[in-house]
Amino acid sequence: MKALVIYWSGTGNTKKVAETIHNTLKNGGVNSILKRVEEALPEELFEFDLIFIGSPSHMWQPPEPVLKYIREKMDYHRRHGDIKLCAPKLFGKRGVVFVTYSGPHTGFNEALPVGKYLGQFMEHMGFDVAGEWYVVGEFHGRESESTKGRLGDIRGRPNQQDLENIIMEVNKILENNR
Ligand SMILES: Cc1cc2nc3c(=O)[nH]c(=O)nc-3n(C[C@H](O)[C@H](O)[C@H](O)COP(=O)(O)O)c2cc1C
């Protein structure tokens, strides 16, 4: 099985989750490639059985480098006739999206549109969305957003427990494949 883990990260939270996913896949015997979105464009998505795409929430949407990657990939695949009406599912192709967020104002709802956006990319490509993972992350450089927001004290997150949950989720995905 071949897997691709792509992500963007400004302050390291999403990177931590991406690396955890990548390492868990490798430990499970999967041939996994880890790339930031800026360098992932040449990767041909249909060559992979499993694709993970991760992003933080910036004003409850993916930040520009993630949007740019998705726009460029969609343009390319539209030109090649891969984006089909009714988005038929490709056999054996699965995608997982992961989002890190701080939720200072409205909590989880600040992450949800990002996960849905990434999931729509996967679905338009014909990949079955096998998971939508949301991970709380400290708002680095803004203390009050990490202590007085809707989610309370989120300093140090994603923490060990958050990453262990991710390891568990990745292993569940791998088990479903056996
Ligand atoms: C410019 C900027 C805007 C952000 N806007 C939001 C937001 O609207 N909602 C939210 O929940 N978190 C927001 N955050 C917090 C990040 O989503 C959160 O800290 C995330 O885990 C950062 O991931 P990263 O370290 O991989 O960049 C914002 C962070 C930055 C730097």
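The values are calculated or read from the model by the stated rules, or taken from the named source; none is laboratory data. Just so you know, these numbers come straight off a predicted model, no measurement behind them. In this analysis, Cβ positions are derived from the backbone assuming ideal geometry, glycine residues included, and neighbour counts consider all displayed protein chains. Calculation scope for accessible area: heavy atoms of the full protein, side chains included, ligands and nucleic acids excluded. Shrake-Rupley method; radii C 1.70, N 1.55, O 1.52, S 1.80 Å.
Residues in the range 62-99 that are open to solvent by 90 Å² or more (accessible area, probe 1.4 Å) and touching a Phe, Trp or Tyr at 6+ places or on another chain (Cβ under 7 Å): none. Within the range 100-111, the set of residues being buried (at least 18 other Cβ atoms within 10 Å of the Cβ) and more than 8 Å from the ligand (Cβ to nearest atom) is empty. Applying a threshold of 9 Å to beta carbon distances and a minimum spacing of six or more residues, or different chains, the list of pairs starting in the range 2-15 at a residue that is within 14 Å of the ligand (Cβ to nearest atom) and ending at one that is of a type in the set (Ser, Thr, Tyr) and outside any strand (DSSP E or B) reads 6/69; 7/14; 8/14; 8/69; 13/102; 15/9.
Scanning the range 115-150 for residues that are in contact with a strand residue (DSSP E or B) (Cβ under 9 Å, 6 or more places away or on another chain), open to solvent by less than 20 Å² (accessible area, probe 1.4 Å), outside any helix (DSSP H, G or I) and more than 8 Å from the ligand (Cβ to nearest atom) returns 125, 127, 131. All conditions in (1) touching a residue at least 40 places away in the same chain (Cβ under 8 Å); (2) of a type outside the set (D, E, K, R); (3) open to solvent by less than 50 Å² (accessible area, probe 1.4 Å) hold for residue 32, with the sole exception of (1). Checked against the criteria, residue 9 counts as surrounded by 15 or more Cβ atoms within 10 Å (Cβ to Cβ) and in a loop (DSSP other than H, G, I, E, B).
In the range 93-113, the condition of being among the acidic types (Asp, Glu), more than 27 Å from residue 177 (Cβ to Cβ) and in contact with a strand residue (DSSP E or B) (Cβ under 6 Å, 6 or more places away or on another chain) is met by at least one residue.
Within the range 16-61, the set of residues being out of contact with any helix residue (DSSP H, G or I) (no Cβ under 6 Å at 6 or more places or on another chain), of a type outside the set (A, V, I, L, M), near the ligand (Cβ under 8 Å from one of its atoms) and assigned to a loop (DSSP other than H, G, I, E, B) is empty.
Pairing each residue of the range 103-130 that is of a type in the set (Ser, Thr, Tyr) with any residue that is outside any loop (DSSP other than H, G, I, E, B) and more than 16 Å from the ligand (Cβ to nearest atom), provided the two are 6+ apart or on different chains, yields C-beta distances under 8 Å for 117/70.
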